[in-house]
Structures are given as C-alpha cells and as structure tokens.
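Read the structure below first, then the notes.
The values are calculated or read from the model by the stated rules, or taken from the named source; none is laboratory data. None of these values were measured; they are calculated from a predicted model. Here Cβ is always computed from backbone atoms with ideal geometry, including for glycine, and neighbour counts include all displayed protein chains. Ligands, DNA and RNA are excluded from the accessible area calculation, which covers all protein heavy atoms including side chains. Shrake-Rupley method; radii C 1.70, N 1.55, O 1.52, S 1.80 Å.
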Amino acid sequence: LAYRKTTVTRRLQYRLDKVLARLHILEGLLIAYLNIDEVINIIRYEDEPKAELIKRFGLSADQAEAILELKLRHLAKLEEMKIRGEQDELAAERDELQSILGSEDRMRELIKEELLADAETYGDDRRSPIVERKRPGPSPKLTWSPMTR
C-alpha cells in the first residue's frame, strides 16, 4: 500500500503540474486575445517581440513564447469564452487534485476505488483449487544395507 500511495501521489502531482502550467499559458493567451491589436503590432514591428511582450504585458517567458508560437490566424480565432471555459475546467481539476493530495482520507479513498476497479477489471476466479493436505503421519523406518541397491 505504501508503494501504491507513492505511485498515486506522484501521478496526481504530475497531472497537477501539467494543469498549472496550462493555466499559466492560458492566462497569457487571454491577455493576448484581449490586446490582440497591440500584440500583432509588437509581433510585426519589434525586433525582439518576446522581450517586448514580457515588458509590455508582464508576461512570463513561457507565456510570451506560447503567444509567439501561435499562428496569428489562430490568435484571431481564439475566443475569450473558449479560453475562459478551458480555464474553468482546469481550475476545477486543479482544486480536485489539490484536495486529494492534501487529505489522507481522500487519498486512501481514491486508492481503495482504484484497487477495487482493478480487481473488477483484471480479477478472475482462482483457477487452481486450494486443497487441504492431510497431516503426514510418522514416517516409516527406512533401513539401509550395503547389499540393497
């Protein structure tokens, strides 16, 4: 169980890190969408658009990189509601992951559910019968003689 707990904790922490990273990027994309004209001008006319985006909008390097890697036609098509919808979904998942990671009871319940699901999916009836052996009695006295072979 200790190994299972470690495995589940690491899996949840990995997913939480991915969710947090995506939320961070989405914040930057939302800023870009809300200031799309200025972002397009910066990308078109600045020699170092990444540094200018970071300075002008207070973005992180990852956010600025994500904006620059996005094709302009996609940036124009991004809808604020779509970004906010993904943010809401990820925020709910983040809250759920953090609550599981922060609670021993919730972690045990999750492990229990996963073990039961695994038993349901992969478990089957025992194929070899369990047979109870009779207790062996005293062993017969063996004699050995050099002539017996």
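Six or more apart or on different chains, Cβ atoms under 9 Å: show the pairs whose first residue is in the range 23-48 and without any contact (Cβ under 8 Å) to a residue 12 or more places away in the chain and whose second is buried (at least 17 other Cβ atoms within 10 Å of the Cβ) and acidic (Asp, Glu). As it stands, the answer is 46/52, since those pairs meet every condition given. Looking across the range 40-66 at every residue that is among the β-branched types (Val, Ile, Thr) and at pLDDT 90 or above, the one that is most open to solvent (accessible area, probe 1.4 Å) is identified as 54.
Tell me, please, whether a residue that is of a type in the set (A, V, I, L, M), assigned to a helix (DSSP H, G or I) and open to solvent by 100 Å² or more (accessible area, probe 1.4 Å) can be found in the range 90-98. So far as the range 90-98 goes, no, none of its residues is of a type in the set (A, V, I, L, M), assigned to a helix (DSSP H, G or I) and open to solvent by 100 Å² or more (accessible area, probe 1.4 Å). Only one entry in 2, 21, 32 is small (Gly, Ala, Ser) and in contact with a Leu (Cβ under 8 Å, 6 or more places away or on another chain), namely 32.
For first residues located in the range 87-99 and within 19 Å of residue 28 (Cα to Cα), partners that are surrounded by 13 or more Cβ atoms within 10 Å (Cβ to Cβ) and among the basic types (Lys, Arg) and lie 6+ apart or on another chain with Cβ distances below 8 Å form the pairs 90/22.
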